[in-house]
Amino acid sequence: MELSACFAIAVLSLLFLQFLKLQWVKWHLPPGPVPLPVLGTVWCFASGWHQNTLSKLSKIYGEIFTIWIGHLPMVVVNGFHPVKHVLVNHAEEVSWRVVSPFVRDMMHEKGILFSGGHIWKEQRKFGVATLRLLGFGRSNMEHRVQEEASNLVALLASEKGKPLDPALPLFHAVSNVISSVVFGHRFSIQDETFCKLVECIEYEAHFFLSKCHFLYELFPWLMRRLPGPHQKAISCLEFIHSFGRKEIRNHKEKKKLDDLPDFIDYYLSEIDRKKGDPATSLDEDNLVQVIYDLFTAGTDTVVSTLQWALLFMVVYPDVQENIQKEIDAVLTPSQCIFYEDQKKMPYTNAVIHEILRFNFVLLVGSFRRCTKDTTILGFPIKKGTIVILDIASALYDPKKWETPHQFNPNHFLDKDGNFQNNDAFIPFSVGQRLCLGENLARKELFLFITNVLQAFTLQMPEGVTELSTTPAKGFSVQPYPYKICALPRNLVA
């Protein structure tokens with residue numbers, strides 16, 4: 001009994017000392033909720049982490065405040081002007097990616113998305129240059145998107161108006177655009193490897209906001225040795241990485257650089273060219289991670305946005321009808337749609353921008369780490385401190401949007417119905433970490449949506465009276481699974 005009492009006193013004493021230490025550190029950071037030993041400020045997120053969670057805390061603690069995950073402080077910047085100020089004026093100081101224990105264990109600080117410093121700069125520089133060489137931003141890339149949009153329309157037509165979940169067809173269409181660039185080939189929707197990739201990517205997206213992932217970040221030394229959902233997440237990542245290594249092996253065997261080279265061909269050629277350079281980070285391990293980065297980042301967020309777009313066309317049939325009227329006014333039924341046509345479709349353009357704003361597909365936006373001691377919005381921030389730039393708060397900032405929490409295409413239209421942008425529209429971020437695939441994503445969203453609505457009217461299945469617009473929990477903010485009917489427009493009329 002005495003031993004138990006001594007142990008309890010020792011634990012309580014350690015917890016009390018940890019509490020005092022946290023309060024001391026807290027005084028040197030921006031204000032925020034009181035951190036507790038072990039838990040930090042997790043008690044603030046008892047009801048879950050939603051897109052407006054940090055904005056609610058901002059109303060209490062200000063536009064810059066501190067939250068804690070265990071003993072780790074994270075400085076949050078909230079609201080359009082503060083977020084843009086940091087992204088533009090402190091771009092270099094907050095250019096490092098956050099490497100959590102799980103990310104470190106699985107990504108090894110390689111590639112583009114999960115690296116920093118010299119590796120990030122070299123990988124990103126090569127990635128940007130090579131993607132431009134392969135047609136990013138040019139007409140041949142648009143041709144790839146148009147081809148996949150036509151395939152998507154044909155697949156929907158084959159269902160003959162029967163109820164279907166559009167998630168897999170959308171993932172297939174979007175992923176084949178980036179696949180043709182990175183791998184030099186496309187997938188069949190029945191391909192077993194493709195289906196497994198879809199399953200793994202979706203599992204990863206949901207795992208990153210699970211309780212198990214949170215426990216892994218708090219107790220990595222313990223979780224590495226325990227069974228649980230994190231082990232499946234690890235196996236999913238290993239499958240994606242092994243897929244990348246297999247593609248690399250195939251490319252090395254074929255050596256087809258002189259015949260329509262793809263991203264992997266160029267990367268392997270650059271590895272050969274830089275052999276013997278001790279400073280280069282261009283190697284096969286980084287290439288495996290870059291393949292993961294390009295394939296997942298170039299697919300998951302665009303697919304989520306398209307899922308929201310089709311859902312909202314059904315939930316708001318008047319919006320769908322107005323887009324179709326605009327398409328019919330600009331194009332004949334058999335005429336091919338080009339990205340340039342968006343200039344003649346201000347309403348359609350406004351709807352797509354509003355979907356990107358209202359249904360921003362990331363919970364927050366950017367998690368960065370300070371590269372050196374700096375001062376942000378009047379607060380001294382030490383090197384290595386994690387800074388959360390809440391891009392979602394910019395897209396819902398009541399100072400910048402008339403009805404921030406309502407779906408309203410008029411946010412992007414003037415009184416005469418002409419398209420007008422808003423400087424708080426930053427779903428692709430700004431500054432040094434501007435999304436690599438912004439140009440391609442914009443093309444995909446416009447061409448996929450307009451091709452589908454040119455051919456079909458989207459409706460709820462018979463007997464269904466309502467579809468949920470509540471987001472499902474995950475790293476990317478997706479709608480819950482739903483089914484719709486794609487009815488050929490010539491039959492609807």
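The values are calculated or read from the model by the stated rules, or taken from the named source; none is laboratory data. None of these values were measured; they are calculated from a predicted model. Positions of Cβ are generated from backbone atoms using ideal geometry, with glycine treated the same way; all protein chains shown enter the neighbour counts. The accessibility values were calculated without ligands, DNA or RNA, using every heavy atom of the protein model including side chains. Shrake-Rupley method; radii C 1.70, N 1.55, O 1.52, S 1.80 Å.
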Value in Å of the Kirkwood radius, where region 267-349 supplies the Cα pairs that are averaged: 16.8 Å
Förster-model FRET efficiency, 30 Å R0, residue 165 and residue 239, C-beta, rounded to 0.05: 0.85
Charge dipole (region 84-232, unit charges on Cβ, about Cα centre) - positive-most of 108, 203, 189: 108
Label-zone membership for region 225-247, site residue 212, 7 angstrom Cα→C-beta point, backbone N under 19 Å: 225-241
Heavy-atom accessible area order for 402, 321, largest first, 1.4 Å probe: 402, 321
Rough spin-label spacing in nm, given labels placed 7 Å along Cα→Cβ, for residue 14 and residue 402: 5.9 nm
Modelled FRET efficiency - R0 41 Å, residue 487 with residue 92, Cβ distances, 0.05 increments: 0.20
Region 203-293 pair-distance distribution - Cα-Cα, 5 Å bins, rounded %: 3, 12, 18, 16, 14, 11, 10, 10, 5, 1
Nearest-ten-degree value, helix 117-133 long axis tilted from longest Cα axis of the chain: 0 degrees
Cβ-based charge dipole, region 293-428, positive-most Cα from 327, 412, 345: 412
Projected label distance in nm at residue 45 and residue 219, using a 7 Å step from Cα toward the beta-carbon: 1.8 nm
Principal axes of region 350-493: Cα extent on each, largest first, Å: 64, 37, 28
At 0.890 mPa s and 25 °C, Stokes diffusion of region 23-146 via Kirkwood alpha-carbon radius, µm² per second: 140 µm²/s
Rounded percent of accessible protein surface that carbon and sulfur make up, region 108-219, 1.4 Å probe: 57 percent
Inter-label distance, nm, simple model (7 Å from Cα along the C-beta direction), residue 283/residue 435: 3.2 nm
Accessible area (Å², 1.4 Å probe, nearest 10) - residue 97: 60 Å²
Mean Cα-pair separation over length for the chain, i.e. relative contact order, pairs under 8 Å, 6 or more apart, %: 23 percent
Difference of contour (0.36 nm per residue) and Cα-Cα distance, residue 422 to residue 189: 80.1 nm
Whole-number accessible area per residue in Å² for region 23-165, which is evaluated in the context of all protein chains at 1.4 Å: 46 Å²
Surface accessible to a 1.4 Å probe, per residue, for the residues of region 257-395, Å²: 39 Å²
Whole-Å semi-axes of the ellipsoid equivalent to the chain (Cα gyration tensor, √5λ, descending): 39, 29, 23
Helix-only [θ]222 nm of the chain, DSSP H runs n ≥ 4, -39500 (n - 2.57) each, per residue, nearest 500: -16500 deg cm²/dmol
Modelled FRET efficiency - R0 45 Å, residue 105 with residue 410, Cβ distances, 0.05 increments: 0.45
Descending principal axes extents, region 405-456, alpha-carbon based, whole Å: 38, 28, 21
Where only C-alpha atoms are counted, convex hull volume of region 94-217 per residue in Å³: 149 Å³
Percent accessible area from carbon and sulfur atoms, region 258-323, protein chains only, probe 1.4 Å: 48 percent
Dipole moment magnitude, nearest 20 debye, region 61-186 about Cα centre, only Lys, Arg, Asp, Glu C-beta charged: 300 debye
Residue-span extension gain [residue 199 to residue 28] - 0.36 nm each, minus C-alpha spacing: 57.1 nm
